[in-house]
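Note sheet for the following structure.
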Amino acid sequence: FFANVYQVEDNMESKDHRDYLFDSYKFETPARVVDIQPREDKFAVLLDVTLFHPQGGGQPNDEGVITSEGVEFKVETLEAEREGDVWHVGTFTSGEPFTNGCEVNVKVDEQLRRLY
């Protein structure tokens, strides 16, 4: 039995933002941009919710796109931090970079995930 929550300071509960842990057959969801950082010729995007599974256990990381009105970001790789944050690293294929707080749509490449 897995709950979609984890304990944080002061015994408060918070929704775990790594939705891929709870439903590996969900491939699309809305999210909000928490942070965006340049990485050489790419960008790293942190979301409040993600379906993208980072590499692990012999499984490659998910790929896919994050979109907003007129903007498409191709997710090529993921960086998972110890604290649980998952950075989506890739390139903008159209439009200008997202801004913090921007509402986006997250879409995992379903065919690629099902291969593993």
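The values are calculated or read from the model by the stated rules, or taken from the named source; none is laboratory data. Quantities reported herein were computed from a predicted structural model and do not represent experimental measurements. We place every Cβ from the backbone using ideal geometry, glycine too, and count neighbours over all the protein chains shown. Calculation scope for accessible area: heavy atoms of the full protein, side chains included, ligands and nucleic acids excluded. Shrake-Rupley method; radii C 1.70, N 1.55, O 1.52, S 1.80 Å.
Among the residues of segment 100-109, some residue qualifies, meaning at least one is in contact (Cβ under 8 Å) with a residue 40 or more places away in the chain, among the acidic types (D, E) and assigned to a loop (DSSP other than H, G, I, E, B). Counting the residues of segment 21-33 that are open to solvent by 70 Å² or more (accessible area, probe 1.4 Å) and within 11 Å of the chain's Cα centre (by Cα) gives 3.
Taking (1) over 22 Å from R114 (Cβ atoms); (2) modelled with pLDDT of 85 or more; (3) within 10 Å of the chain's Cα centre (by Cα); (4) not aromatic (F, W, Y) in turn, V65 satisfies each apart from (1).
Checked against (1) under 16 Å from K107 (Cα atoms); (2) assigned to a strand (DSSP E or B); (3) not β-branched (V, I, T), D35 passes all but condition (1).
Listed by first and then second residue, the pairs with beta-carbon distance under 6 Å, at least 6 apart or on different chains, first residue in segment 76-96 and of a type in the set (S, T, Y), second open to solvent by less than 50 Å² (accessible area, probe 1.4 Å), are T77/N61; T77/V89. When E63, E81 are screened for being out of contact with any Asp or Glu (no Cβ under 7 Å at 6 or more places or on another chain) and open to solvent by 50 Å² or more (accessible area, probe 1.4 Å), only E81 passes. Looking only at residues in segment 40-60 that are touching a residue at least 12 places away in the same chain (Cβ under 8 Å) and among the charged types (D, E, K, R), which one is most open to solvent (accessible area, probe 1.4 Å)? Filtering first and then ranking leaves D41.
Determine, yes or no, whether F92 is at pLDDT below 80 and of a type in the set (A, V, I, L, M, F, W, C).
Values: at pLDDT below 80: no; of a type in the set (A, V, I, L, M, F, W, C): yes.
Criteria not met by F92.
Would you check if T93 is polar (S, T, N, Q), out of contact with any helix residue (DSSP H, G or I) (no Cβ under 8 Å at 6 or more places or on another chain), assigned to a loop (DSSP other than H, G, I, E, B) and open to solvent by 70 Å² or more (accessible area, probe 1.4 Å)? Considered against the rule, which asks whether it is polar (S, T, N, Q), out of contact with any helix residue (DSSP H, G or I) (no Cβ under 8 Å at 6 or more places or on another chain), assigned to a loop (DSSP other than H, G, I, E, B) and open to solvent by 70 Å² or more (accessible area, probe 1.4 Å), T93 comes out as no. Being on the phi > 0 side of the Ramachandran plot and touching a strand residue (DSSP E or B) at 6+ places or on another chain (Cβ under 9 Å) is true of G95. Right, K107: modelled with pLDDT of 95 or more, closer than 17 Å to K26 by Cα, open to solvent by 50 Å² or more (accessible area, probe 1.4 Å) and under 14 Å from the mean Cα position of the chain (by Cα) or not? When the stated conditions are applied, K107 passes them.
Scan segment 67-90 for residues that are in a strand (DSSP E or B) and over 12 Å from P54 (Cα atoms) and the total you get is 7.
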